[in-house]
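Working notes, beginning with the structure itself.
The values are calculated or read from the model by the stated rules, or taken from the named source; none is laboratory data. For clarity, every value in this text was computed on a predicted model and none was experimentally measured. Every residue, glycine as well, gets a Cβ built from its backbone with ideal geometry; the counts of neighbours run over all protein chains shown. Just so you know, the surface numbers come from the protein's heavy atoms only, side chains and all, with ligands and any DNA or RNA stripped out. Shrake-Rupley method; radii C 1.70, N 1.55, O 1.52, S 1.80 Å.
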Amino acid sequence: MARHTVVTMPGDGIGKVVLPEAIRVLDAVGFDAEYVHADIGWEFWVKEGNPLPERTLDLLRKHKLGLFGAITSKPKKEAAEELDPSLRDEGHVYFSPIVGLRQKFNLDICIRPCRSFRGNLLNFIRKTPDGGVEEPAVDAVIFRQNTEGLYSGLEWTDPPAQVRDALATHPKFKPFAEVPNEDIAVSVRLFTRNACRRILTAAFEYADKHGYRSVTVCEKPNVLRETSGMMEEVAREVRKDYPSIQHWSTNIDAQMMWLTKNPEDYGVIVAGNLFGDIVSDAFAGLVGGLGFACSGNIGQDVAVFEPTHGSAPKYEKLDPPIVNPIAMILSAAMLLDHVGETDKATNIRDAVAAVVEEGKVRTYDMMRIPGGRDVLSRGAAMTPQVTDAILDRMGR
Ligand code: IPM
Ligand code: MG
């Protein structure tokens, strides 16, 4: 029997293309695992009224480790229209299954490393004072609180009377007092001290273990005094246990500016759910974009690893496939880190770095050309060729 069982959830669109590539790499590196498929995504919303079927949750409960591809989410109205006619009027409401997974298993620690690979044409560059060009080495790791904040799902349009009444107890509700109920939409940003402490502790621990000199808390406490304020307050407590690590604070808006001015200054970054979503895409943009952006969603019991890109449905049916599998492969390497197989993870990352630096085998995004049918004739690699090159480098 294999040592690990990994629940594979390809999901929608290109999730189905990239996930098998990651498994090829895991097999090649000698990871002792077997894989069980689990259903998730749009197809199951349409057919069953639930994009995250209970049987998938059961598999994760049992095996604790997941690899996830990508999902398609559509706005409320479109989601309702695509639902199988026999299921309409049954009260099904679409909710993103990846957000659902994070919440169901309390995968509250989201880790998103954004590291530049040498030789990547997509790396961020800037001008030097003498008119030359320099390419700062980016090595930022975003810790995103993954379950609360504006993703809690506590929201209403036309809120129930109790909610409106509760809001009306706040002096700041005055300007809204005359607005008709159906014209009010509310999304609650709820933080808990415990979750703040967990994400901050995870971030400081990581910085300590991996030699980062700073942890930056990226929130907006000057305006969001309660929620961001709580994150800041807890950070001041947690940092006491890590005297050798500097604790910096930035506001999310300023951070979005600073990250293109001096991205090399940042190490570990901590943010609430939505700001973490934003700042992790922003840093990913400096190191190659979503084709390189890997992540881990880690709870106390279960962990699920996924590339942060979407399902890019327009590329799903292209045969041969042309999308970049690197984000998915790096996510698989994070899974290896998680189960303590650090050497294997390093082996994969080194091979990816070597392939990128060599620059011979590149998907269209790595060549900076638009995606489409013609990319292969323009010299771009197919998806599996990138994996082949990585396997070659690993000597497999
Ligand atoms: C991400 C994605 C998701 C999120 C979407 C697909 C719901 O943007 O993983 O960053 O917002 O968390
Ligand atoms: Mg995102």
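Hey, can you rank 196-208, 248-260 by average C-beta count inside 10 Å, highest first? Provide the component values of the computation, followed by the final result.
Working: 196-208: 21.8, 248-260: 16.2.
With the highest mean Cβ count within 10 Å placed first, the list reads 196-208, 248-260.
For region 134-203, what does the accessible surface come to per residue with a 1.4 Å probe? Please give it in Å².
Heavy-atom accessible area per residue stands at 56 Å².
Can you give the calculated 222 nm mean residue ellipticity of the chain, where each DSSP H run of n ≥ 4 adds -39,500 (n - 2.57) and the sum is split over every residue, rounded to the nearest 500 deg cm²/dmol?
On the way: 15 runs with 157 residues, N = 396.
Taking each H run of at least 4 residues, the total per residue is -12000 deg cm²/dmol.
Can you compute the modelled spin-label distance between residue 178 and residue 373, with each label point 7 Å from Cα toward Cβ, in nm?
So the two model labels end up 5.9 nm from each other.
Return the percentage of antiparallel bridges among DSSP beta bridges fully within the chain, rounded to the nearest 5 %. Provide the component values of the computation, followed by the final result.
Details: 22 of 47 bridges.
So the antiparallel bridges amount to about 45 percent of the total.
I'd like the FRET efficiency for residue 208 and residue 317, computed as 1/(1 + (r/R0)^6) with the beta carbon distance as r and R0 of 56 Å, rounded to 0.05. Don't skip to the answer; put the middle values down first.
Details: r = 46 Å, r/R0 = 0.82.
Working from the Cβ atoms, E equals 0.75.
Multiply the residue separation of residue 34 and residue 127 by 0.36 nm, subtract the distance between their alpha-carbon atoms, and state the gained length in nm to one decimal. Write out the running numbers ahead of the final one.
On the way: separation 93, 0.36 × 93 = 33.48 nm, distance 4.86 nm.
Difference between extended and current length: 28.6 nm.
Under the Karplus relation 6.51 cos²θ - 1.76 cosθ + 1.60, θ = phi - 60°, what is the ordered set of whole-Hz ³J(HN,Hα) values for region 183-194, x standing for Gly and Pro?
Result, rounded to whole Hz: 9, 10, 10, 10, 10, 8, 9, 10, 10, 10, 4, 4.
Would you kindly derive the ³J(HN,Hα) couplings of region 92-107 from the backbone phi angles with the Karplus curve 6.51 cos²θ - 1.76 cosθ + 1.60 (θ = phi - 60°), listing them in order in whole Hz, with x for Gly and Pro?
Along region 92-107, the couplings run 6, 10, 6, 9, 3, x, 6, 5, x, 4, 4, 7, 4, 9, 6, 7 Hz.
Given the protein chains as shown and a 1.4 Å probe, how many square angstrom of residue 394 are accessible, to the nearest 10?
Roughly 20 Å² of residue 394 is accessible to a 1.4 Å probe.
Among all the lysines, which ones have a C-alpha under 28 Å from residue 172's C-alpha, if same-chain residues fewer than 8 places away are not counted?
220
Under 1.5 on a/c is rounded, so check that first for the chain, then, if it is not, pick prolate when a/b is larger than b/c and oblate when it is not; a ≥ b ≥ c are the square roots of the alpha carbon gyration tensor eigenvalues.
Note, shape of the chain comes out oblate.
Would you mind checking which residues have amide H under 5 Å from residue 141's amide H? H placed 1.01 Å from N; only 5 or more apart, or other chain.
Under 5 Å from the amide H of residue 141 lie the amide H atoms of 114, 268, 269, each far enough along the sequence or on another chain.
Do the alpha carbons of any pairs in 16/77; 47/104; 209/240; 16/314; 127/261 sit beyond 18 Å of each other, and which pairs?
Among 16/77; 47/104; 209/240; 16/314; 127/261, the Cα-Cα distance tops 18 Å for 16/77; 47/104.
Can you work out the Karplus-derived ³J(HN,Hα) for every residue in region 148-154? Use 6.51 cos²θ - 1.76 cosθ + 1.60 with θ = phi - 60°, whole Hz, and x for glycine or proline.
10, x, 6, 9, 5, x, 7
What is the packing order of peptides 135-145, 117-127, taking the mean over residues of other C-beta atoms within 10 Å and listing the highest first? Before the final figure, lay out each step's value.
Working: 135-145: 22.5, 117-127: 15.5.
Result, highest mean Cβ count within 10 Å first: 135-145, 117-127.
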